[in-house]
1. For the range A:555-565, give me each residue that is closer than 24 Å to A:E748 by Cβ and within 11 Å of another protein chain (Cβ to nearest Cβ).
2. In the list A:Q362, A:Q397, A:Q378, which residue meets the criterion of being touching a strand residue (DSSP E or B) at 6+ places or on another chain (Cβ under 9 Å) and either at pLDDT 75 or above or surrounded by 16 or more Cβ atoms within 10 Å (Cβ to Cβ) (or both)?
3. Return the only residue of A:Y272, A:Y285 being out of contact with any Lys or Arg (no Cβ under 6 Å at 6 or more places or on another chain) and over 30 Å from A:S195 (Cα atoms).
4. Taking interchain pairs and intrachain pairs at least six residues apart, which have beta carbon atoms under 7 angstrom, with the first residue in the range A:543-556 and farther than 22 Å from A:R508 by Cβ and the second open to solvent by 10 Å² or more (accessible area, probe 1.4 Å) and among the charged types (D, E, K, R)?
5. Scan the range B:34-81 for residues that are touching a residue at least 40 places away in the same chain (Cβ under 8 Å), away from ligand 5 (no atom under 14 Å from the Cβ) and more than 8 Å from chain A (Cβ to nearest Cβ) and jot them down.
6. Only one of B:K92, B:K49 is more than 16 Å from ligand 1 (Cβ to nearest atom), in a loop (DSSP other than H, G, I, E, B) and of a type in the set (K, R); which?
7. Please note which helices (runs of 4 or more DSSP H) are completely contained in the range A:491-589 and include at least 2 residues that are within 24 Å of B:A18 (Cβ to Cβ) and touching a helix residue (DSSP H, G or I) at 6+ places or on another chain (Cβ under 8 Å).
8. Here's a check for you: in the range B:19-58, which residue that is small (G, A, S) and over 18 Å from B:C85 (Cβ atoms) is nearest to ligand 2 (Cβ to nearest atom)?
Amino acid sequence: MKEKLVLIGNGMAGMRAIEELLDIAPEMYDITVFGAEPYGNYNRILLSPVLAGEKTIDDIMLNDEQWYADNGIALHKGKKVSTVDRRNRKVVAEDGTTEEYDRLLLATGSNPFIIPVPGHDLPGVISFRDIYDVDVMLESSKKHKHAVVIGGGLLGLEAANGLMLQGMHVTVVHLGDTLMERQMDAVSGGMLKKSLEERGLNFLMNASTEAIIGEDRVKGVRFKDGLEIAADLVVMAVGIRPNMALAESVGLHCERGVVVNDTMQTYDPKIYAVGECVQHRGETYGLVAPLFEQAKVCANHLAKMGIARYEGSVTSTKLKVTGIDLFSAGDFIGDDTTEDIVMQDAGRGVYKKVVLKDNKIQGAVMYGDTVDGAWYFQLMRDATDVSDFRTALMLGQAHLGDSGHGGNTAAANMSDDMEVCGCNGVCKGDIVTAITTKGLFTLDDVRSHTKASNSCGSCTGLVEQILASTLGGDYSAAPHSKPMCKCTDYPHDDVRKAIKERHLISIRAVMDSMQWKTVDGCASCRPALNYYVMATWPAEAKDDAQSRFINERAHANIQKDGTYSVVPRMWGGLTSPKELRAIADVVDKFDVPELKVTGGQRIDLFGIKKEDLPAVWADLNAAGMVSGHAYGKSLRTVKTCVGKTWCRFGTQDSTSIGVELERLSWGSWMPHKFKMAVSGCPRNCAEATIKDYGVVCVDSGYELHVGGNGGITVRVTDLLCKVETEEEVYEYSKAFMQLYREEAHYLERTAPWIERVGLSHIKQYVEEDADNRKALAARFDESQKYAQIDPWAERASEGVAEHEFTSLKQIG
Amino acid sequence: MSDWIEVGTIDDIPVLGARVVSTADGNIGVFRTADDEIFALRDECPHQKGPLSQGIVHGNQVTCPLHNWNIELDGGEAVAPDEGCTASYPVKIEDGKIFLSLVAAG
Ligand SMILES: Cc1cc2nc3c(=O)[nH]c(=O)nc-3n(C[C@H](O)[C@H](O)[C@H](O)COP(=O)(O)OP(=O)(O)OC[C@H]3O[C@@H](n4cnc5c(N)ncnc54)[C@H](O)[C@@H]3O)c2cc1C
Ligand code: HEM
Ligand code: SF4
Ligand code: SF4
Ligand code: FES
């Protein structure tokens, strides 16, 4: 018989845990859910837009009753659990309904705090927590005029905004002198107040409520200083308290919430708890993102996998008031040990403040322009040392200046019909609709449902903003703990470390050793693992063709019509009559429909049928040409300028240096594509400063530049150092490539890698420590011994992977 | 039934790989999973006709090489949230030989 799992609290955290559990162990339990509210599970955070009239209750249902039926879950809706008999493992509801359990999950959420002033229980005094409250408010707004919202925090302001949009005259009463003081500092709080006033809200600051007046219904509010104002509706939004009454009454250890350990277990090992009712490592949470992380961990333990741990969360907030743009995260007030960087532009209504400690971001608050919120949040969670780019911090990350979305950088200012994702033609409205109607919470959810930012990724920042402003926060899990993919809970770095330490030389070995959750991985982890084992154990690991993307398996680029393109290597961009003749002959012989000069200084032959590839390669090989690896996560091209041989400005022989760089590096597999360039003087005709490794020759030597990137996110290189000899140019290039090969995550280009680890780190390993540089270069050379085999020649004349290019059978 | 056509042996297809059977009206991808199950699908992704035989096979699914849709090998249905279906063909194995029927199953 299946074990029984009972959930108390049919809300966001509890049901997320159940969904996660169904994902990983659908058959393990008979599941029963008790919910005090008479509905299925709905998206509580979207109550604000419901109140504002932008959505209906139906829009915000996450799991309707049919869903429970479809998944074989018994739902006791409208039944509040009154006690738990822990000895006999039974749950009893107020109406007497009783259920037995083997495992119990508590997710009772929190209760709004009601200030115990006289009159607090009058009709017309309400909190803002559930559908009932919203119904009462909507009802009141039709009949009454004056609303008072007590509490100028996130919830209070969303309630006030909603009621105002319903036509009420709204006054927000706040005890302190800064609105949302848990999220805003004085300056940004003041800017927020000003713009809300412009929209028609009224504020009473520093006002302490003494009594709510009225006889059979609320009539007004009186303050300590004697002031009285009229009110037909009073909304109390002064905070929430974890709802632990039930847990306490049955003797579970509670402090400010129900105390749980890192596996979300309470002091009773049969009982787990998640959500706002929980206290974990001394913290309680009131935003969805951390609760979802808890839910995931809890599901993992309910499924008896027993590996996940919840280690606490950092959160960020946004206010879901349409048109108001604010963001905050972490400790944005600071103290004696921290420094502030502040940027204020009153004219544009923009304010940003970042708090640093030891050059790491502790917190940030921004108003008016929150484009870089996600970036700061990421730097904060990654604890990135920002000293290398402190000066640029306030100017923001250029990533939203990327190409492909018409120059839009701030999602808040976009109308619903404006295109966000230029690759897949997805508009802002499509994304908002998908988030709210399909119940999406993460960037991955949005990607898979709408395809926005699913291709080139340049609009990722915009999509993140839309997600945050629709849901009021950042929902991605902390990146340093982000698993490689759905097949594992381990992040890239842990996997790479295990491969090295445990001497894992095949994909299978990694999956077994690290308990992969799927039988043979997925299209995302298999190529990564294949690269990791080969890069770590070049002499021992064997390439697994079936774990390569088709381009790397077929050694040519697949085109949208299923044909392939072929790009032979032209060393440093040099070619010869013999090569050109051979190419021309191939074009004639195989009816190649298009011939193009690439931006990488070589020639691309388009529209070749897969079965012709080996023959094409054989002809190119015969003229001395080899694969250009234009299809690979590998060394691509080395672009050169003509240099001092011909150019009147040339200082060094840039062409020969380029040829030599390409000779030493060709064939190497990398985490992502890798491009180099050599310019003969600072005029930089070869565009070396947007390459992964760029050399700019000067009279006295060579400048070495790293981490550049053209394309979607243009990033100019950082100067690594200057060297004096050609030999050093080569040695440094090998060391840099090897460090990248050993440390970067699969599909991470040098630019984001350097931004993640910091240029100082690269300098330390490649420039400052000569022994380490030589060791890195030696490891690169060693790995090249196995990599520098022309894959075309093998396939054209040695019969390697013949099955790849012939059909199994021809019928008819 | 008489319309089974022998197309090759299991060993002709790499584990977690695919081969193509070309027919008068288009290609059919024949896939082999880790536990040697064989499936046959029309070699056209329901999205934009990407050649599924060129994708990465994992579990009982293949990931399309063009835009990464996942397609169920058994039945040809796209994995949610993507929607669409590609035709699948009956396959049987006898003595390691693969037989294919061109009467599309759905
Ligand atoms: C108006 C509003 C706006 C919000 N906006 C945001 C936002 O923008 N971003 C954000 O991250 N978060 C926001 N939040 C907070 C977020 O909604 C909560 O953090 C989240 O819903 C908490 O989930 P939970 O499962 O812990 O509790 P809940 O979702 O409250 O679920 C608990 C459920 O348990 C039921 N229950 C309690 N006791 C019992 C019992 N004894 N027997 C049976 N059932 C019981 C309750 O009725 C309730 O349905 C907002 C909240 C509100 C109210
Ligand atoms: C991020 C996304 C990018 C994608 C998806 C992408 C895709 C491609 C593809 C598919 C090709 C091969 C064309 C073919 O032969 O079939 C190609 C070639 C090329 N791309 Fe990109 N590209 C990207 C970014 C860039 C950037 C940032 C640059 C330069 C600054 C760039 C420069 C080139 C060059 C020069 C070639 C020719 C390659 C060669 O000669 O080997 N690409 N790209
Ligand atoms: S970079 Fe300098 S040396 Fe090279 S072609 Fe341009 S001007 Fe001449
Ligand atoms: S070659 Fe590059 S820029 Fe051109 S369409 Fe393809 S991916 Fe886009
Ligand atoms: S054609 Fe298959 S995913 Fe687009």
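The values are calculated or read from the model by the stated rules, or taken from the named source; none is laboratory data. These numbers were taken from a predicted model, which means no experiment stands behind them. All Cβ positions, glycine included, derive from the backbone under ideal geometry; neighbour counts span all protein chains shown. These accessible areas exclude ligands, DNA and RNA; they are computed on the full protein's heavy atoms, side chains included. Shrake-Rupley method; radii C 1.70, N 1.55, O 1.52, S 1.80 Å.
1. Matches in the range A:555-565: A:N557, A:I558.
2. Every option except A:Q362 fails the conditions.
3. Answer to the selection: A:Y272.
4. From residues that are farther than 22 Å from A:R508 by Cβ, the pairs are A:A554/A:K610; A:A554/A:E804; A:H555/A:R795.
5. B:I38, B:F39, B:A40, B:L73
6. So the residue among B:K92, B:K49 that is more than 16 Å from ligand 1 (Cβ to nearest atom), in a loop (DSSP other than H, G, I, E, B) and of a type in the set (K, R) is B:K49.
7. A:507-513, A:525-536, A:550-554
8. Top of the filtered list is B:S22.
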